[in-house]
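All remarks here apply to the structure that follows.
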Amino acid sequence: MEDDANFTIDPACLGEPPLAIDVINELDVFGICLYSMLTFMSCVTLLLYLEQCVFVYKKLPYPKKTTIIWISGAAPVIGTMACLGMWIPRAVMFTDMTSNCYFAVVVYKVIVLIIEELGGTNAFLGRFSSKPFKISTGPCCCCCLCLPWVPMSRRMLFILKLGALQYALLKTALSILSVVLWTNGNFDLADLSITCATIWINPFIGVLLCFSLWPVGIIFMNTKGYLRGVKLVPKYAFYQIILVLSQLQTAIINILALNGSIACSPPFSSMARGSMLSQQIMIMEMFLISLFTRNLYRRTYEDIPDEAPEEQQNNLTALPEHDV
């Protein structure tokens, strides 16, 4: 009982994230090496991306090149913002907001990229108009196999694009609102009370994200057979990986820090240390992803065939033997 009564908590474990100068002063030899290596990885990621932007801008036509520059910049932007958040812990609110808003635009740009790879809106509608599209895809309706197939039309394509665009617009607006409320003390990730704005804004953003991923999944699942030549499947896979790492992984680490599973380590509180670990892990992950995606986007493209390889094979099989 006396030990419990004499137990004290370091004030740093209850305070705000440390200043950048406090982080630098607390670094030991291992910390200096770690921070230097992560900063170097972040700089290499950004430089490789800038070189790729120059290549894409010179070699590819408009508007495809702007779309590719946006999408391929997801990992470098997130890695750069994570590096800034690692060095300046009190700026994490702003760096995370920038990363999330950028990725919200990338979600919409994925649909735009698929349409551009197929020749643009008019070519897309000319190829798929009146063709039935499967809408029982993730993350909203992957289990609803009874949903009917919907014929593609200009209105249907507009609705799908609007479903992805709403997240880019509302996420940015809600992020700005969160920063405004944070400056007034009404938004705190550590406060999950019913009167705090956090418990209302973050779940709503999660719902918006699910509804924005659904139209992207619909377009991808129904067109991937035509775009194997431009490596759409690995591009989509890396886009999904970035989504999981930047959203789900960060949320899990924040929850663990909020529950005290991540110990306080002065000058970092539990929440600040969890955020620091999240930024460091993110830098390494985005560095590796950038190296892989560089080979996918830094290339020239050929024309897309009028039929998917599966349809070509079926048509060839259906021909009489003397025609073959």
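The values are calculated or read from the model by the stated rules, or taken from the named source; none is laboratory data. Bear in mind the structure is a predicted one, so any value in this text is a computation, not a measurement. Quick reminder, even Gly has a Cβ in these numbers, built from the backbone with ideal geometry, and neighbours come from all protein chains shown.
Could you please let me know if Leu258 is closer than 25 Å to Glu116 by Cα and either modelled with pLDDT under 80 or not β-branched (Val, Ile, Thr) (or both)?
no
Out of (1) within 23 Å of Phe292 (Cβ to Cβ); (2) surrounded by 13 or more Cβ atoms within 10 Å (Cβ to Cβ), what's the single condition that is false for Phe211?
(1)
Only one residue in Met81, Met93, Met37 is more than 24 Å from Thr121 (Cα to Cα), in contact (Cβ under 8 Å) with a residue 40 or more places away in the chain and of a type in the set (A, V, I, L, M). Which one?
Of the residues listed, the single one that is more than 24 Å from Thr121 (Cα to Cα), in contact (Cβ under 8 Å) with a residue 40 or more places away in the chain and of a type in the set (A, V, I, L, M) is Met93.
So for the range 132-153 (the condition being part of a helix (DSSP H, G or I), of a type outside the set (Asp, Glu) and modelled with pLDDT of 85 or more), does at least one residue qualify?
Taking every residue of the range 132-153 in turn, none turns out to be part of a helix (DSSP H, G or I), of a type outside the set (Asp, Glu) and modelled with pLDDT of 85 or more.
Return the total of residues in the range 143-185 being closer than 22 Å to Thr98 by Cα and out of contact with any helix residue (DSSP H, G or I) (no Cβ under 9 Å at 6 or more places or on another chain).
Qualifying residue count, the range 143-185: 5.
Just the residues that are outside any helix (DSSP H, G or I) and either within 18 Å of the chain's Cα centre (by Cα) or acidic (Asp, Glu) (or both), please, taken from the range 49-86.
Once the filter is applied, which keeps residues that are outside any helix (DSSP H, G or I) and either within 18 Å of the chain's Cα centre (by Cα) or acidic (Asp, Glu) (or both), the range 49-86 yields only Gly73.
If you go through the range 25-73 one residue at a time, how many are exposed (fewer than 12 other Cβ atoms within 10 Å of the Cβ), more than 14 Å from Thr300 (Cα to Cα) and of a type in the set (Ser, Thr, Tyr)?
Count: 1.
Restricting to the range 183-215, give me the number of residues that are over 20 Å from Gln166 (Cα atoms) and within 17 Å of the chain's Cα centre (by Cα).
So the answer is 0.
Working only within the range 228-287, note down all residues that are part of a loop (DSSP other than H, G, I, E, B), over 30 Å from Arg298 (Cβ atoms) and within 22 Å of the chain's Cα centre (by Cα).
none
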